[in-house]
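Undergrad: Sharing a structure with you now.
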Amino acid sequence: MTRSFALLAAVAGLITSSLGTPTVEKRQLLPPSITQIISTLTSIGLIKDINVFITPQSLVDNTVSLNFDVQNTLPIEFTIDSLGTDAGLNSTVYATFSHTFPSPGLVVPALGTVNSGTIDGVTLPQGALATLGIIPFGELDLSDLSASTRQITISGAGGIPLPLSGLAESSVPTVYSPTPAEIANSLSLGLVKGINVVLSLQSLVTNTVSLNFDVQNTIPFEITIDQLGTDAGLNGTTFLTFQHSFPSPGLIVPALGSANSGNIDGVTLPQGALATFGIIPSQKLDLSSLTTSIRALTISGSGGIPIPLSGLSQSSVPTT
């Protein structure tokens, strides 16, 4: 029996010796090739989204500021030293810029995203007024995008130089500030500053009056009002109601300023003139169902972003 076990052990040893020790194949994870990098950047896109900042100066010098997020879908860090592009919509270029990033460049982490920081002096080839017209679309197409990049950098240092040129991206999400919602919220806090009601003997016959009102603009941009209507009353009772369209170019209200509406005739008195006379001592009116058609960021009443407002209310508006 002992000799049988010894024989089996010897045979096993010979088999192990002849087959050798099993080997495990070692594979090294290599960085993507330059071809793969270019393919990824061109197919997926370099710029993820854009933020555009409009200021009162934009309407004067036809420039804006912007920033954008750069996305990196590669498992390596890369660094952008400079980038330039045209941006527009429907084949029309509305903005163009070329920017060099300070040392060490714009470092984009592997599989990450980074913001460019604010870039000033972005040119608007079509002018500010025309550019305002594309804000509601909320996107831009990029063309002729060129970038000086370095691939496989370490904290922005070193890397393989890889210039990119002639790239294009479609429908890049774009947010403009101030947004129409921000403008609407600011204006809805109180549009009518004061009301002047003109009563006459004829009012007793026609149950109508004339009035004018001051409009206040709480945003740092000119606004133009094309139409405004409201009910006005006290303690839940409507005593005056009107709907008025301003002649072209509209009622222009300067940035952070005010403007008078001019006289509006034929304002209806639903409770009649006699009842309306009774609220004169209160010297105030509550406005309800205020509806207006406004264009923000106009220039002398031209252009602008349409900002329709409806269902607004104001309490205790000074009235004489």
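Where a number appears in this text, it was derived from the coordinates with a stated rule and is not lab data. Values in this document were obtained by computation on a predicted structure and should not be read as measured data. Cβ: placed from backbone, ideal geometry, glycine included. Neighbour counts: every protein chain shown.
Undergrad: For the range 34-177, how big is the tail of P(r) above 22 Å, as a whole percent of Cα pairs?
TA: Looking at the range 34-177, the distances longer than 22 Å represent 36 percent of pairs.
Undergrad: On a C-alpha basis, how far is the centre of the range 29-84 from the centre of the range 112-177 in Å? Whole number, if you could?
TA: 5 Å
Undergrad: Rounded to the nearest angstrom and ordered from largest down, what semi-axes does the equivalent ellipsoid of the chain get from its C-alpha gyration tensor (root of 5λ)?
TA: One finds semi-axes of 71, 26, 14 Å for the chain.
Undergrad: If the only charges are +1 at each Lys and Arg Cβ and -1 at each Asp and Glu Cβ, what is the size of the charge dipole of the range 34-177 around the Cα centre, to the nearest 20 debye?
TA: Once rounded to the nearest 20, the dipole reads 200 debye.
Undergrad: Okay, moving on. Would you mind ranking Leu132, Leu274 by Cβ crowding within 10 Å, fewest neighbours first?
TA: Taking fewest neighbouring Cβ atoms as first place, the list is Leu274, Leu132.
Undergrad: Could I ask something else about it? For the range 257-266, just list the computed ³J(HN,Hα) in residue order, Karplus coefficients 6.51, -1.76 and 1.60, θ = phi - 60°, integers in Hz, with x standing in for Gly and Pro.
TA: x, 9, 8, 8, 6, x, 5, 10, 8, x
Undergrad: List the relative contact order of the chain as a percent without decimals, with contacts defined as Cα pairs under 8 Å and 6+ residues apart.
TA: 14 percent
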